[in-house]
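Written out below as structure tokens is the structure these notes cover.
The values are calculated or read from the model by the stated rules, or taken from the named source; none is laboratory data. In this text, all values refer to a predicted model and were calculated from it rather than measured experimentally. Glycine also receives a Cβ, built like all others from the backbone with ideal geometry; neighbour counts cover every protein chain displayed. These area figures cover heavy atoms from the full protein model, side chains too; ligands, DNA and RNA do not enter into them. Shrake-Rupley method; radii C 1.70, N 1.55, O 1.52, S 1.80 Å.
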Amino acid sequence: QVQLVESGGGEVKPGGSLKLSCVASGFPFEAYVMAWYRRAPGNQRELVASVLSGGEVIYEDSVKGRFSVSRDNAKNTLHLQMMNLKPEDTAVYYCNIRPPFANYWGQGTQVTVSS
């Protein structure tokens, strides 16, 4: 069974940093494009960053230059290093494949950016 477990969220001040992690199981992690998504209060879930199996990365414009996504295929782990955080980055962050599994989502990890 697919499992996605996110961790690393917290509350930081604007300009702060956080590193999120996701441990995946139940599917061949190395064969899939992995991605981070987020859902801000009142908004739909949106794509943040993707990383192909070989390491090529793709970022949405809103996080370019501030976020860095990486993966460790040997450990079935996905990371998101977030720097220079802004209040508009406040959301619950999720990992999944891209496009996402229809029926499998983790619990997410809350990121709050507030002064």
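Quick notes on this structure:
- Length-normalised contact order of the chain in % [C-alpha pairs under 8 Å, at least 6 apart]: 37 percent
- Between N73 and Y32, the modelled label-to-label distance comes to 1.5 nm, taking each label 7 Å out from Cα in the direction of the beta carbon.
- Of all accessible heavy-atom area on the chain, the percent that carbon and sulfur account for (1.4 Å): 48 percent
- Electrostatic dipole magnitude of the chain [Cβ: Lys, Arg +1; Asp, Glu -1; Cα centre; debye, to 20]: 120 debye
- In a fully extended conformation the segment linking Q1 and N84 would gain 26.3 nm over its present Cα-Cα distance, using 0.36 nm per residue.
- Residue by residue, the stretch 45-52 carries 3J(HN,Hα) couplings of 5, 10, 6, 10, 7, 10, 9, 6 Hz when phi is fed to the Karplus relation 6.51 cos²θ - 1.76 cosθ + 1.60 (θ = phi - 60°); x denotes Gly or Pro.
- Built amide H within the under 5 Å cut-off of F67, gap 5+: M83
- Inter-label distance, R66 to S115: 1.4 nm, where each label sits 7 Å from its Cα along the C-beta direction.
- Alpha-carbon centroids, the stretch 47-85 and the stretch 24-43: separation in whole Å: 11 Å
- Entry comment: accessible area of the chain is 51 Å² per residue, from protein heavy atoms only and a probe of 1.4 Å.
- Placing S50, S62 in order of accessible area, with the largest value first and a 1.4 Å probe, yields S62, S50.
- The rule of thumb for compact globular proteins, 2.2 N^0.38 Å, goes into the C-alpha radius of gyration of the chain 0.99 times.
- Each label point was placed 7 Å from the Cα along the Cα-to-Cβ direction; for K13 and E56 their separation is 4.1 nm.
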